[in-house]
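**Q** My questions all concern the structure below.
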Amino acid sequence: MLLDIGVCLGIVQLAIAYYDYFLTLEGEIELFWKKSRRSWPFALFVANRYVLVLGRLPTIAALFWKLPESVRGVFMLGKSS
């Protein structure tokens with residue numbers, strides 16, 4: 001089974017993004033979640049961090065599930081050939 005270069009690059013991109021997320025998770029827990037300060041900067045931090053993490057789920061779906069081209073174009077930038 002040959003892998004498409006786009007799929008390989010997508011996997012690399014996801015691996016780097018989630019690696020970075022887990023590297024900084026301990027600091028996030030110490031600085032933000034153990035202290036009961038809730039403020040606008042905290043809300044912006046959480047929104048920025050978790051929109052990035054959750055926003056990758058459609059990319060994962062498009063990489064690993066064989067979706068029809070019409071649907072795949074919605075999840076990925078551009079259409080694969």
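**Q** Filter the range 37-65 down to the residues that are modelled with pLDDT of 75 or more and among the small types (G, A, S) and list them by number.
**A** S39, A43, A47, G55
**Q** If you check every pair at least six apart or on different chains, which have Cβ atoms under 6 Å apart with a residue in the range 3-31 that is in contact (Cβ under 8 Å) with a residue 40 or more places away in the chain first and a residue that is assigned to a helix (DSSP H, G or I) and not acidic (D, E) second?
**A** Every condition considered, the pairs that remain are V7/L63; G10/L63.
**Q** Give the range 21-36 a look and list any residue that's loosely packed, with under 10 Cβ neighbours inside 10 Å, more than 25 Å from G10 (Cβ to Cβ) and either modelled with pLDDT of 85 or more or charged (D, E, K, R) (or both), or say none.
**A** E26, G27, K34, K35
The values are calculated or read from the model by the stated rules, or taken from the named source; none is laboratory data. All values reported here derive from a predicted model rather than from experimental measurement. Positions of Cβ are backbone-derived with ideal geometry, glycine not excepted, and every protein chain shown enters the neighbour counts.
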